[in-house]
Each structure stands twice: as structure tokens, then as C-alpha cells.
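All remarks here apply to the structure that follows.
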Amino acid sequence: MNDGQTKGRSRRGSRWRKQQQSRQMNHNLDLSIYLDELADIREASATNLASAGEQALKALDRFLANLARSLGMDNDRAGLGDSINYLEHSPMSDAREIAAQSERYRDTRNALAHNPDVMLRPEAASRIIDGVEGIIRMAASGIGDIAHRTVVTAHLDESLTDARDRMLARHYDQLVVVDKRGKLVDLLTDRDIVIAEARDDIDGVSPTVGETIEQRGYMAAGILSRHSAASEAIDLFRDEKVGAIVITENGKVGESPLGIITRGDVLNAS
């Protein structure tokens, strides 16, 4: 080992020793930016899965570089390998685990970067998108970090058919129901719509969203504070009646919805 390598590793070790020696990473990243990007990539995968897989790897590259820099790495031109190397020497087990999970994508990312004619197989691309999303969710410090910030809503006095059409257009299983002030009331779920369509011809005379969820007789929305832990979401989802979890400032009905969590989100984060 030459002197330059020795000094470089010594400086890196010194920087890490200045970090808090804990499992929980203290980063300043807004994970929703990366998760929203991956949601767009996943949607685009319906028409070009191989390209979407490559885009997911680029998102992972940016995420790891920004995460490593937020934890002390002094390298503005870091590649995927540089970021992984830095994180794997972290005293924080979360950071080391993220590095370990990312290592499997190092060779694939390099091959695609240096061989423009190489294309991912569709099945490999699908696994990469899922894997990258899981890695990003590992950096969450609270449930608010992994919530989808884009909340699509339905109003209490809106017609059920309008809400249904919006749900179908977005390929969603539920919409967040809000009152005239935009404050959380409950969820409108696909099950609510199926039951309403079985009961009446809603395309003829449509009930309102409020009338429809009132027929259900129970809350379909789980509600958590943005500071809640992922374990609390897991507990809520043990109740099969909970269709999704809405994040608010204090975890209460009547507050503005800040994000939404699905069962798949919690499984990926746990």
C-alpha cells in the first residue's frame, strides 16, 4: 500500500469517527424526491422496461452519492463505486447495509455506462427497479420519509363516478377523501366502488363520495404522524380494514394530508 492510499484511508476513517456512532443515519435527504422519480420510472416501464431499469440504476447512483456526501464524503464527482466504498466503512450499520445491498448493482451500472449497446433483459430490469426502491427506503428515519407526497384526493360532495374515473386513470386502489377545507376525512377505496356499483347504477344517478363512504360504517384510512416509525404502520396494516395510511402532522383526522403509505411501501421499508 502506498503512502497516498494510507493517508487517504486515514483521513476517511477520521471523518467517520466524527460521525455519531449509531445505527440511525442522520442525513438530510428528502427521500420522496427519489421515490417519486422511481414511481415515474415504474410507470414508464410499461412501455420500455429495459430502459426503465437503466434509469433506476442512475437514480441509485445519484441517491448513494448524495447520501454519502450528507454523511461526510468529500467528493463531488463520486461514481457508484466511490459512494459504496465510502458507505461500507461507516460506523452506522444502516449505511453499511445500504452499501452491501447496492454492491450487487455495481458491475451492472459500470457495464451499461461503458457499453451503450448493452441492454438489460426485461426480467432483470424489473428486479432492479424493485431493488433500488428497497435500498432507498432503507434510509428512512420515519414513516414520513417513505410516504408518497403526491396525494390524489376526492371531495366529500364530489360524485362517485368522477372519483372513480380519476382512480382508474391513475391506476390507484384508493383516493384520500377531504372536506371543503382540504382536511382529511377518510379513504375512498376500490372496494367501496365495487359495492356501490353492485348496489345501484351509479352511472345513472351517482351518489356522492361522502354518501358512499358513510355506507361502509368504518374508517378505511389508517392515520399516522409524519414522525411515526415504520413499525407503527406495520401494526396498523394488521387490520385488514385499513386500505392505506395517510400521514398528517399529528396523526389526526381533520388535518391536511401530507402523504400516503400503501402496504407495499411498508413491506419494502421493513
Answer yes or no: is there a residue in segment 174-184 that is of a type in the set (D, E, K, R), over 28 Å from Asn66 (Cα atoms) and surrounded by 20 or more Cβ atoms within 10 Å (Cβ to Cβ).
no
Taking the stated definitions as given, is Asp190 within 30 Å of Glu232 (Cβ to Cβ), of a type in the set (D, E, K, R) and over 17 Å from the mean Cα position of the chain (by Cα)?
yes
Looking at Asp179, Asp190 in this structure, which one is under 19 Å from Val242 (Cα atoms) and in contact (Cβ under 8 Å) with a residue 12 or more places away in the chain?
Asp190
Condition check for Thr208: within 25 Å of Ser159 (Cβ to Cβ), polar (S, T, N, Q) and touching a helix residue (DSSP H, G or I) at 6+ places or on another chain (Cβ under 8 Å)
yes
Read through the list (1) touching a Gly at 6+ places or on another chain (Cβ under 9 Å); (2) over 30 Å from Leu184 (Cα atoms); (3) among the charged types (D, E, K, R); (4) modelled with pLDDT under 85, then give the number of the only condition that Glu123 fails.
(1)
The listed residue being of a type in the set (S, T, N, Q), under 26 Å from Ala229 (Cα atoms) and surrounded by fewer than 14 Cβ atoms within 10 Å (Cβ to Cβ), out of Ser93, Ser102
Ser93
Residue hits (segment 33-84; farther than 18 Å from Glu97 by Cα, surrounded by 14 or more Cβ atoms within 10 Å (Cβ to Cβ) and not hydrophobic (A, V, I, L, M, F, W, C)) are Tyr34, Asp36, Glu37, Arg42, Ser45, Ser51, Gly53, Glu54, Gln55, Lys58, Gly79
In segment 65-106, which residue that is among the basic types (Lys, Arg) and in a helix (DSSP H, G or I) is nearest to Arg127 (Cα to Cα)?
Arg106
Boolean, Gly72 is in contact with a Phe, Trp or Tyr (Cβ under 8 Å, 6 or more places away or on another chain) and without any contact (Cβ under 8 Å) to a residue 60 or more places away in the chain
yes
Name the single residue that is nearest to Arg238 (Cα to Cα) among those in segment 213-222 being over 28 Å from the mean Cα position of the chain (by Cα) and part of a helix (DSSP H, G or I).
Arg216
Just to check your reading of the model, which residue among Ser141, Ser159 is closer than 18 Å to Ser228 by Cα, of a type in the set (Gly, Ala, Ser) and surrounded by fewer than 19 Cβ atoms within 10 Å (Cβ to Cβ)?
Ser141
Restricting segment 246-256 to residues that are under 16 Å from His148 (Cβ atoms) and touching a Lys or Arg at 6+ places or on another chain (Cβ under 9 Å), the residue that is surrounded by the most Cβ atoms within 10 Å (Cβ to Cβ)
Ile247
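The values are calculated or read from the model by the stated rules, or taken from the named source; none is laboratory data. Everything quoted here is computed from the prediction, not taken from an experiment. Reconstructed Cβ throughout: ideal geometry from the backbone, glycine too, with neighbour counts over all protein chains shown.
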